[in-house]
1. Among 172, 63, which comes first, then next, by fewest other beta-carbon atoms within 10 Å?
2. Using a Förster distance of 45 angstrom, determine the FRET efficiency expected from the C-beta separation of residue 176 and residue 136, and round it to 0.05.
3. If packing is taken as the average number of other Cβ atoms within 10 Å across a peptide's residues, how do 92-99, 105-112, 139-146 rank, most packed first?
């Protein structure tokens, strides 16, 4: 056996070893990456949007008062100021798909988002909600009282006293909204609130 043959035969085991080492490293790296991805949660949405589901029931508009009441008996009539907002009550029926009773969280642990057709999601600035306890597997009602500020449209309560003007105002505002989503931070629920006011 000459020197060249010995060098060739001696180099084969080391190149095969390097190849197997490379393949093993790739498999190990892929396994570690897969484990990290599964622990991290991947790209899954952390919000559960199946636990509580909703269907639109009704929308009621509360007409603005032409003047607020004086705060005390000594206040002058000049101190009375016109209301500058309209209250829209959104009524939904919620379905509790969980195995535990559910109640709406307090305002510090929830928020209502509106999905605008052209601008995407935006938080609803002024909203309050109420709803009782919904037993597991049952339905219950919830109302969202959304305040629409007339100042943003340079309107006053006096300008919306006719039913036609009030309807036109609400139509303008709600045509921009596709639907709502309520986020319950305490339970990590995203409650999709479909539109129905078309």
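1. Details: 172 10, 63 15.
The fewest-first ordering by Cβ neighbours comes to 172, 63.
2. Details: r = 36 Å, r/R0 = 0.81.
Efficiency, from the Cβ-Cβ distance: 0.80.
3. On the way: 92-99: 16.4, 105-112: 13.9, 139-146: 17.9.
Answer by packing, highest mean first, reads 139-146, 92-99, 105-112.
Bear in mind that the values in this text are calculations on the coordinates, not laboratory data. None of the values given here were measured: they were computed from a predicted structure. Neighbour counts run over all protein chains shown; Cβ positions are idealised from the backbone, glycine included.
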